[in-house]
Amino acid sequence: MNDEHANATADDGADGPPEPVVLDGGGRHCVQLLIELSRLVAGLPPRSVVHLIAADPAAPLDLPAWCHLTGHRYLGPVPGRDRPTYALRVSGEARPTNPGAPWHPDG
């Protein structure tokens with residue numbers, strides 16, 4: 001585990017790091033996962049960490065690309081999980097995407 005991921009949920013609060021927000025994508029395809037993910041992160045405060053559980057084999061490619069497009073920070077695979085799980089950190093300066101097509105910038 002790298003330092004960035006080890007500190008992915010670090011917070012200045014005295015209660016310790018917050019738990020990541022988990023989105024269980026089950027067997028859904030990445031297109032649907034990205035739609036759900038974009039809705040989820042829109043309601044989260046900056047620096048929140050999201051763990052996306054995704055069985056779709058395209059997830060390790062699509063999620064970093066989506067993060068690059070939007071400005072969120074892709075933190076990589078989450079080690080020690082029984083299902084494929086990927087982490088990202090929510091940006092306070094994210095670029096919006098089309099609500100029905102989150103792989104396209106909005107506007």
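Tabulated values for the structure
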{"read-out": "Among the residues listed as GLY76, GLY27, GLY80, the single one being on the phi > 0 side of the Ramachandran plot, assigned to a loop (DSSP other than H, G, I, E, B) and surrounded by fewer than 20 Cβ atoms within 10 Å (Cβ to Cβ)", "value": "GLY80"}
{"read-out": "Unique residue being touching a helix residue (DSSP H, G or I) at 6+ places or on another chain (Cβ under 8 Å) and modelled with pLDDT of 95 or more when the list is HIS51, HIS72, HIS68", "value": "HIS72"}
{"read-out": "Of all residues in the range 32-68 being more than 19 Å from HIS104 (Cα to Cα) and aliphatic (A, V, I, L, M), the one that is surrounded by the fewest Cβ atoms within 10 Å (Cβ to Cβ)", "value": "LEU44"}
{"read-out": "Some residue of the range 89-99 being under 19 Å from VAL31 (Cα atoms) and assigned to a strand (DSSP E or B)", "value": "yes"}
{"read-out": "Flag if THR9 is modelled with pLDDT of 95 or more and out of contact with any helix residue (DSSP H, G or I) (no Cβ under 7 Å at 6 or more places or on another chain)", "value": "no"}
{"read-out": "Close pairs from the range 30-49: first without any contact (Cβ under 8 Å) to a residue 60 or more places away in the chain and within 19 Å of PRO84 (Cα to Cα), partner surrounded by fewer than 20 Cβ atoms within 10 Å (Cβ to Cβ) and among the hydroxyl-bearing types (Ser, Thr, Tyr), Cβ under 6 Å, at least 6 apart", "value": "VAL49/THR9"}
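The values are calculated or read from the model by the stated rules, or taken from the named source; none is laboratory data. Everything numeric here is computed off the predicted structure, so don't read it as measured data. Backbone-built Cβ (ideal geometry, glycine too); neighbour counts: all protein chains shown.
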